[in-house]
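So the structure is just underneath, and the comments pick up after that.
The values are calculated or read from the model by the stated rules, or taken from the named source; none is laboratory data. Keep in mind that this is a model prediction, so the values were computed, not measured. Every residue, glycine as well, gets a Cβ built from its backbone with ideal geometry; the counts of neighbours run over all protein chains shown.
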Amino acid sequence: MKKSILTSLLFISCVCFTHAQSVNKSRIDSLLTAVAADNQGMGSLAISQNGAIVYQKSTGFSAVNGDHHPLATNKTRYRIGSISKMFTAVMIFQLMDEHKLQLDTKLSVYYPELPNADKITISQMLNHRSGLHNFVRDSIYQSDMVKPHTEAEMIAMFKDDAPDFEPDSKADYSNTNYVLLGYIVEKLTNMTYAQVLKQQIVNKIGLTDTYYGAKINPLKGEAYSYQFKNTWQTVPETDISIVAGAGGIVSTPDDLVKFINALFNGKLISEVDLSLMRTFRNGFGMGMFQLPFGNKKAYGHNGDIDGFSSVVGYFPEQKMAYAYCANGVDYPISNLMTGVLNIYYNIPYDIPVFHTPVLTAGQLDKYIGNYSCLNLPIKIVVTRDGGTLLAQVTGQPSFILKPLGDDKFGFLRTGLVFNFKPANFEFVLEQGGSAYMFTKDQ
């Protein structure tokens, strides 16, 4: 759910691939083991071909609590964050097929009190063209994320947020769209989101480990989420009522590949509906993204909530689906999945060798300070917790900066790299080919 301060890149490989005749399971095992061995990540992976699972593996733990470290398995259940939006979009299209809703239905039919509600359509909400402000960017979200919220409380919050732009004038990712779409599903069915999910998707295609979440319960095989800070440390848990139809679902990689196979094989919505989901404007489909790999594209979605990170994708021509769910990430899952797909399609690939330098508290003190940028309307505060360097962007939680080399640190899961120049009291922030100079406030 939480987005990085700059746009994170979808993973891209610059080579072509051909159909894999067999799965090199040992090589994929080696990659996942290397990532787990250096505490770069822990999670579960599933790959299917022609609808059948051909690879599964889990690494790391579903919980890290003192001496209690249960291993993750293919039945470990993870919060999947924004992948939930694909499920919500499917429910919306099902309601359209029942003639209870149309793409041009106005938001004002359900929430006339919201900004521009008389101009915003269901279509614009589905593909992030509504202009509704993304509420998770607000500092109040960070302070209230662990508390339950009613629909009325969420609507009051949305009502107070000024629109980011005029409807349909541009596109910008907003979780607000899908929280509202989830509420609309409930209004049109007179059922809870959880009940509709179970009736219209889970039971229909035989998912066994997918449902609307609640407080994390390890007795149900649910994983806690973590960030690595010398040890795996628990990340605060967002209350599901806040993210709702935008990010409230729990699932497994096995169920996710089954879901996306069913979606592309006409078991959930019509071919016309699927075509609409796959129609992209400014990079956004209706509940779906393109996930490039070489000269081919998978279709699917990624998801981040708290310390959980996940992705599901489907290559229609090869009838291949993959899903990865993690409850602890340092090495970006985009990089990990690029490696997995290269191995799966027998493309030359070197398994990365991880080595994290260890720095003393004294070595980190020269980076500490408040930094500003002339070209970005944000400040970044760099602090230290023992031998760990931390950064915090205005209005967002702090994150760990991992040493990458001399005066170089990174937040790898988002591709952010900090190149410090302590003698000049500055650093250059790099991501995706862009660079921004930050200067320490004096």
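Can you give me the ranges of the strands (runs of 3 or more DSSP E) entirely in the range 279-346 with at least 3 residues that are within 18 Å of F228 (Cβ to Cβ) and in contact (Cβ under 8 Å) with a residue 12 or more places away in the chain?
308-315, 320-329
Of all residues in the range 191-218 being closer than 19 Å to P253 by Cα, in a helix (DSSP H, G or I) and out of contact with any helix residue (DSSP H, G or I) (no Cβ under 7 Å at 6 or more places or on another chain), which is modelled with the lowest pLDDT?
Filtering the range 191-218 for residues that are closer than 19 Å to P253 by Cα, in a helix (DSSP H, G or I) and out of contact with any helix residue (DSSP H, G or I) (no Cβ under 7 Å at 6 or more places or on another chain), the one modelled with the lowest pLDDT comes out as P218.
Looking at Q195, Q200, which is the one that is assigned by TED's automatic domain parsing to the domain that holds K100 and touching a residue at least 12 places away in the same chain (Cβ under 8 Å)?
Q200
Name the residue that is surrounded by the most Cβ atoms within 10 Å (Cβ to Cβ), counting only residues in the range 76-120 that are among the charged types (D, E, K, R) and in contact with a strand residue (DSSP E or B) (Cβ under 9 Å, 6 or more places away or on another chain).
R79
Report the residue count in the range 367-403 for those that are assigned to a strand (DSSP E or B) and modelled with pLDDT under 85.
Qualifying residue count, the range 367-403: 0.
Condition test on S123, is it among the small types (G, A, S), at pLDDT below 95 and closer than 25 Å to N302 by Cα?
Considered against the rule, which asks whether it is among the small types (G, A, S), at pLDDT below 95 and closer than 25 Å to N302 by Cα, S123 comes out as no.
Got a sec? Which of D255, D273, D239 is among the charged types (D, E, K, R), modelled with pLDDT of 95 or more and in contact with a Pro (Cβ under 8 Å, 6 or more places away or on another chain)?
Criteria check complete, one pass: D239.
Is it the case, given these coordinates, that A262 is assigned by TED's automatic domain parsing to the domain that holds Q318 and in contact (Cβ under 8 Å) with a residue 60 or more places away in the chain?
Spelling it out, it is not the case that A262 is assigned by TED's automatic domain parsing to the domain that holds Q318 and in contact (Cβ under 8 Å) with a residue 60 or more places away in the chain.
For the range 148-168, enumerate the residues that are more than 23 Å from the chain's Cα centre (by Cα), of a type in the set (D, E) and not in a helix (DSSP H, G or I).
Within the range 148-168, D161, E166, D168 qualify.
Is there a residue being under 29 Å from K258 (Cβ atoms) and in contact (Cβ under 8 Å) with a residue 24 or more places away in the chain anywhere in the range 149-172?
no
Among (1) more than 18 Å from the chain's Cα centre (by Cα); (2) buried (at least 19 other Cβ atoms within 10 Å of the Cβ); (3) not acidic (D, E), which single condition is L219 missing?
Unmet for L219, out of (1) more than 18 Å from the chain's Cα centre (by Cα); (2) buried (at least 19 other Cβ atoms within 10 Å of the Cβ); (3) not acidic (D, E): (2).
Take the range 267-278 and flag every residue that is of a type outside the set (D, E, K, R) and in a loop (DSSP other than H, G, I, E, B).
Scanning the range 267-278 gives L268, I269, S270.
Of the residues V382, V353, V417, only one is exposed (fewer than 15 other Cβ atoms within 10 Å of the Cβ) and not hydroxyl-bearing (S, T, Y); which?
Selected residue: V353, the only one of V382, V353, V417 that is exposed (fewer than 15 other Cβ atoms within 10 Å of the Cβ) and not hydroxyl-bearing (S, T, Y).
Residues to consider are L114, L103; find the one that is in the same structural domain as I216 (by TED's automatic domain parsing), within 26 Å of the chain's Cα centre (by Cα) and in a loop (DSSP other than H, G, I, E, B).
On inspection, the qualifying residue turns out to be L103.
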